[in-house]
Amino acid sequence: MILQKQLPDNQELVLIRIKKIMPHGAYAELTEYGKDAYLPISEIASGWIKNIHEFIKEGQKDVAKVISVDKEKGSIDISLKKATTREKTTKQSEYNLEKRYEKLFEQAAGISGLKDKKDIDALKSEAAKKVSTYTELINNTQEDRKFTSFLKNKKFSAVFDEIIQKNIKLKRYIVTYLMEMQSCSPKAGVSQIKEALAGIEGLGVSVLYLGAPRYRLTAEGGNYLEAEEKIKLARNILDRYSGVLSFEMKKREA
């Protein structure tokens, strides 16, 4: 999280470290929150547990699921058995990636001259108005690889963009559509088709001629919605030629 919440949400996956084991449960530290949570013996594993020490050890690190949060008391109950193996693996990977991006964010702050913690916290607060995590900052705010262009500190933005481009191989989302297009009026000809296709390519959508009347349209973006939006805009351009051209588009599944 760019700005850490005080308490986790119910059903949230959390990183834990077992601190103290008792006969009927254990207390665990929530790594991301710096708070303790209670792990009932009934939530450690399925089935009857005769000896709790056979299932958990002090100092053990794991991923659990939050099953109860009392905001007034600040108490939290967690479960190990309700977190699947896949959820645990995903959570750990997401956490490692988030910490890596956080370090790059703070590195950029230092290089751009932000040494005071208050200044860095103010920068994080500004970023948190748009995104909630560093991963979201990088994956979902891409625009010509300008990840923090919405921030007021342009020096920091330039430094951060450069650091990300040098250190991170960004995932690109690609969508492909097959299109059939032909003239529906004697007035339409090659020039109108070329004009329409040029407008599409101007949006960043690549057009490959497959043989009359078939074309392949490919769009990519920093996220799936961004790629699909380019196809949507391509449709809008083609709609302008509805009087002289007819077209049909179908998404090509991977």
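The values are calculated or read from the model by the stated rules, or taken from the named source; none is laboratory data. Note that the coordinates shown come from a computational prediction; the quantities given were computed from them, not determined experimentally. For neighbour counting, all protein chains shown are included, and Cβ atoms are generated from backbone atoms with ideal geometry for every residue, glycine included.
Of note:
- Every residue from segment 185-202 that is out of contact with any Ser or Thr (no Cβ under 8 Å at 6 or more places or on another chain) and either surrounded by 16 or more Cβ atoms within 10 Å (Cβ to Cβ) or of a type in the set (A, V, I, L, M, F, W, C) (or both): Ala188, Val190, Ala196, Leu197, Ala198, Gly199, Ile200
- Residue within segment 7-14 that is surrounded by 13 or more Cβ atoms within 10 Å (Cβ to Cβ), closer than 22 Å to Thr135 by Cβ, free of Cβ contacts under 8 Å to residues at least 40 places away in the same chain and hydrophobic (A, V, I, L, M, F, W, C) present: no
- Hits in segment 51-77 - residues which are assigned to a loop (DSSP other than H, G, I, E, B), in contact with a strand residue (DSSP E or B) (Cβ under 8 Å, 6 or more places away or on another chain) and surrounded by 14 or more Cβ atoms within 10 Å (Cβ to Cβ): Ile56, Gln60
- Qualifying residue in segment 203-213 (condition: polar (S, T, N, Q) and surrounded by fewer than 16 Cβ atoms within 10 Å (Cβ to Cβ)): yes
- Considering residues of segment 211-244 that are in contact with a strand residue (DSSP E or B) (Cβ under 6 Å, 6 or more places away or on another chain) and part of a strand (DSSP E or B) only, the residue modelled with the lowest pLDDT: Gly221
- On inspection, Leu245 does not qualify as in contact (Cβ under 8 Å) with a residue 12 or more places away in the chain, surrounded by 11 or more Cβ atoms within 10 Å (Cβ to Cβ) and over 16 Å from Glu180 (Cβ atoms).
- Remark: Pro23 falls outside the filter, which requires a residue to be touching a residue at least 60 places away in the same chain (Cβ under 8 Å) and not assigned by TED's automatic domain parsing to the domain that holds Tyr95.
- In a residue-by-residue description of segment 171-184, the property of being modelled with pLDDT of 90 or more, crowded, with 17+ Cβ neighbours inside 10 Å and either part of a loop (DSSP other than H, G, I, E, B) or at positive phi (or both) applies to no position.
- Scanning segment 114-124 for residues that are within 19 Å of the chain's Cα centre (by Cα) and surrounded by fewer than 14 Cβ atoms within 10 Å (Cβ to Cβ) yields nothing.
- Residue check, Leu97 closer than 21 Å to Glu162 by Cα and either buried (at least 17 other Cβ atoms within 10 Å of the Cβ) or in the same structural domain as Phe156 (by TED's automatic domain parsing) (or both): yes
- Residues satisfying the criterion are absent from segment 130-147 (criterion: in a helix (DSSP H, G or I), modelled with pLDDT of 90 or more, of a type in the set (Gly, Ala, Ser) and surrounded by 12 or more Cβ atoms within 10 Å (Cβ to Cβ)).
- Filter pass, Leu80 being farther than 30 Å from Phe160 by Cβ and under 26 Å from the mean Cα position of the chain (by Cα): yes
- Filtering segment 25-50 to residues that are surrounded by fewer than 11 Cβ atoms within 10 Å (Cβ to Cβ) and either under 16 Å from Gly74 (Cβ atoms) or at pLDDT 95 or above (or both) leaves only Gly34.
Residues are listed down the side, and each one gets a yes or a no for (1) out of contact with any Leu (no Cβ under 8 Å at 6 or more places or on another chain); (2) under 24 Å from Leu7 (Cα atoms):
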{"residue": "Lys99", "(1), (2)": "yes, yes"}
{"residue": "Gly110", "(1), (2)": "yes, no"}
{"residue": "Lys124", "(1), (2)": "no, yes"}
{"residue": "Ile138", "(1), (2)": "no, no"}
